[in-house]
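Student: Quick one: this structure, given as structure tokens, is what I'll be asking you about.
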Amino acid sequence: GGFLALLRANRNYRYTWLGQVVSEAGDNFNNVAVFSLALANTGSGLVVAGVLLSRAVCILPAGPIAGVLLDRMDRRRIMILSDMVRAVVALGFLLAIPREHGWLLYVLSGMLMFASPFFTSGRSAILPSITTREELHTANALTQLTQWTALAVGSFLGGVAVIGGYRAAFLFNAASFVFSAYCIAKLSIPGGFRPRPSGESRNNLTEDRVLRPWREYLAGLRYMRATPLIFGIALLNVGWASGGGAAQILLSLFGDIVFKRGPVGIGTIWSSAGIGLLIGSIVAHRLFPRLTYRGYKTTVAICYVIHGGSVLLF
């Protein structure tokens, strides 16, 4: 009820949400098509690992750069520019379809990921501006829920779409970014989306302002190392990324090579993962407000055991 009421009452969030639905569905079309194409051309899981690695390497420097620009420029314009750049890059995947151009999968995947934080961080930054204090929690919850739903539905539909050829999936991905840019262009608030000036001047992009995100990142690492709880949470993320990254490769390998179902197999397994994430987020949303701090820690530990056991059973 709260989700529907928010979408009905808040025009700006409604356009933001519509753009998210279509663009994230397009992202999953792209994921299935890229992994399927990589396996079809080589039959090697190393290629899938290479694509994931190229994405990770490119997204790391993009975050701090996006933070600097979003902190001093019109956030809506940056989000629109991010969408249009990603639309062009998504079209570039058409050039990677021939086997001899397979190396483009690494380059284009990296470029796509580099452009993404400029949109996703911008969306997080403008949410408080386009929602009231009472709406913000519901908006954040719906945004997260939509992400997992798009993974579940978009992955399966992407697998089906690839049956008709990789071009359809890549073209839909490009069109989804154009639609998202259109939705963001429809946003409007008094005063616009340029950040409000603080006590310090934002007029000049000095060396200190450019390097500040990196210095803050290093300071964060030092704080994390000195704080056992934060360090423990970070190690959990490292552990999940190591095992979870390997599992992502296995999902594609099993769907295509082991089960011999091609892109439909990849899409179906990824869709199943999305359904699990969707159910888990709903359960967590209801359960966690009732837990104590000790209950949180116990629940997280149990979930990790279930997660690892599920991978072994798979």
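Student: Report yes if some residue within region 180-196 is open to solvent by less than 40 Å² (accessible area, probe 1.4 Å), at pLDDT below 85, in a helix (DSSP H, G or I) and of a type in the set (Gly, Ala, Ser); otherwise report no.
Tutor: No: zero hits.
Student: Here is a further query. Here's a check for you: in region 272-286, which residue that is hydrophobic (A, V, I, L, M, F, W, C) and surrounded by 12 or more Cβ atoms within 10 Å (Cβ to Cβ) is farthest from Gly243 (Cα to Cα)?
Tutor: Ile282
Student: Next question, about the same structure. Output the number of residues of region 287-305 satisfying the condition of being in a helix (DSSP H, G or I) and either open to solvent by less than 100 Å² (accessible area, probe 1.4 Å) or in contact with a Phe, Trp or Tyr (Cβ under 9 Å, 6 or more places away or on another chain) (or both).
Tutor: Selection size over region 287-305: 11.
Student: Quick check on Phe177: is it within 28 Å of Gly276 (Cβ to Cβ) and in contact with a Lys or Arg (Cβ under 6 Å, 6 or more places away or on another chain)?
Tutor: Criteria met by Phe177.
Student: I've got another one for you. Among the residues of region 45-72, write down those that are more than 18 Å from the chain's Cα centre (by Cα) and open to solvent by 40 Å² or more (accessible area, probe 1.4 Å).
Tutor: Leu46, Leu69, Asp71, Arg72
Student: Taking region 216-230 as the region of interest, how many residues are under 24 Å from the mean Cα position of the chain (by Cα) and either of a type in the set (Phe, Trp, Tyr) or outside any helix (DSSP H, G or I) (or both)?
Tutor: 1
Student: For region 1-16, give me each residue that is in a helix (DSSP H, G or I), touching a residue at least 60 places away in the same chain (Cβ under 8 Å) and within 18 Å of Ser124 (Cβ to Cβ).
Tutor: Leu6, Asn12, Tyr13, Tyr15, Thr16
Student: Take the residues in region 65-99 that are touching a helix residue (DSSP H, G or I) at 6+ places or on another chain (Cβ under 9 Å) and acidic (Asp, Glu); name whichever of them is farthest from Arg55 (Cα to Cα).
Tutor: Asp71
The values are calculated or read from the model by the stated rules, or taken from the named source; none is laboratory data. Bear in mind the structure is a predicted one, so any value in this text is a computation, not a measurement. Note: ideal-geometry Cβ built from the backbone for every residue, glycine included; neighbour counts use all protein chains shown. Ligands, DNA and RNA are stripped out before the accessible areas are found, and what is left, the full protein with its side chains, is counted by its heavy atoms. Shrake-Rupley method; radii C 1.70, N 1.55, O 1.52, S 1.80 Å.
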